[in-house]
Amino acid sequence: MKKVILIASILFVAVASTACINNLAVQDLNNKAKLYAAKGDYVQAIERLKSSIDLEPSIFETHYNLGIAYIKAEKYSEAINSFGKAIELSPNIIDVYYSLGVAHDSYAQELLDNEDDKKVDVDSEDQPKLSKEQKKALAIENYKNALNAYQKYLKMSKDNKDSDDVAEQIKSIEETLVELEG
C-alpha cells in the first residue's frame, strides 16, 4: 500500500512539474511574441505564438494575439482561423468579434484591390491563383462575414465608445455589397 501511495505521489509531482514547466514556457513564448510584435517583427511574433499554442492550445489570449499578429502581417485568412479558435474558447469576449470583422473586411478589400494576377492570401500558399470571379465571390462572402462579426460586436457591447465607428463601417460594407451584388 505504501508503494502505491509513493508511486501515486511521484506521478502527481511529475505531472504537476510538467504542467508548471509548460506554463512557464508558454508564458515565455507569449512574452517574446509581444516583444517582437512591439518591434513590428510579426513573422517572429507569429512563430512564437504558434509554438505557444503547440504547448498549450486552450489559452484564448494566445489565439487572439496570433490573430492580431496575422492581421498586422496581412495574412487575413490565418487571422480569421485564429479568431475562430479564440471564439471557440471564449465566445463571450466581445473584442474578438470586432477583430474578426476587421480580418474579414481587410481580406475582402485585398481580394478586390488585387485585380491583377498577383497571389492573394488564401488558406494555403499551395493554392492556385484565383480568377476575377472567384475573388469577387470570396470578397462578397468575407464582407458578409465581416457584417456578421461587427453586428455581433455591437449587440454584445451596449455602451461602447466606438459603436458609431463600427456602425459606420457596417454601412460602408452594406453599400459595397449592393455594388458588388447588383
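Taking other residues whose beta carbon is less than 11 angstrom from the beta carbon of D54, and scoring Lys, Arg as +1 and Asp, Glu as -1, yields 0. All other residues whose Cβ lies under 15 angstrom from that of A167 are scored, Lys and Arg at +1 and Asp and Glu at -1, for a net of -3. Rounded to the nearest 20 debye, the dipole magnitude of segment 48-102 is 140 debye, with +1 charges on Lys and Arg beta carbons, -1 on Asp and Glu beta carbons, and the Cα centre as origin. The packing ranking of peptides 60-71, 90-101, highest mean first, is 60-71, 90-101, where packing means the average number of other beta carbon atoms within 10 angstrom of each residue.
Net length available on complete extension from D113 to L180 is 22.8 nm, with 0.36 nm assigned per residue and the Cα-Cα distance removed. In this calculation the C-beta distance from N31 to M156 is compared with R0 = 25 Å, giving a FRET efficiency of 0.30.
Where a number appears in this text, it was derived from the coordinates with a stated rule and is not lab data. All values reported here derive from a predicted model rather than from experimental measurement. Cβ atoms come from the backbone with ideal geometry, glycine included; neighbour counts cover every protein chain shown.
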